[in-house]
1. Compute the length gained on full extension between residue 40 and residue 87: take 0.36 nm times their separation in residues and subtract their Cα-Cα distance, giving the result in nm to one decimal.
2. I need 102, 42 ordered by Cβ neighbour count within 10 Å, fewest first.
3. Once amide H atoms are built 1.01 Å from N in the peptide plane, which residues 5 or more positions from residue 94, or in another chain, come under 5 Å H to H?
4. Whose amide H sits under 5 Å from the amide H of residue 71, counting only residues 5 or more places off or on another chain, with H placed in the peptide plane?
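Every number here is computed from the coordinates shown, using simple stated rules; none is lab data. Since the structure is predicted, the reported quantities are computational estimates derived from the model, not experimental observations. Because the Cβ atoms are built from the backbone with ideal geometry, glycine has one as well, and the counts that use them run over all protein chains shown.
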Amino acid sequence: MGHIIKEGIKLASIWVEFVGILQNETGTAKLQINIDAPITVSTMIKRLKTSFKLKENLLLEYEPGRLRQNTLLLVNGKEINVLEGLETKLEDDDVITIIHISHGG
């Protein structure tokens, strides 16, 4: 897609895919959002929580800066822990997949 320059700010478009219970929480499986590039995964999660009014600890632990153990987050098919974790920078055309793992006993 390429960056769009708007008043000195680079805008980029990324895709966010929701898997499992997150589809119910957000009401969608996939969406495209415009961001001020680059932003971090952490900032993107905070924006998603605000946009979709997600429960406070659905994706992040109460302790700041930690992804919940039952949440798997991929950027372009790679788990963020093999990248830069929550500080991974997102660029134009990145695909973020968020999987909330739930299981019963």
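1. Working: separation 47, 0.36 × 47 = 16.92 nm, distance 0.51 nm.
Stretched out fully, the residue 40 to residue 87 stretch lengthens by 16.4 nm.
2. Numbers: 102 8, 42 17.
Final ranking by Cβ density, sparse to dense: 102, 42.
3. Result for residue 94 returns 15.
4. Residues meeting the amide H criterion: 101.
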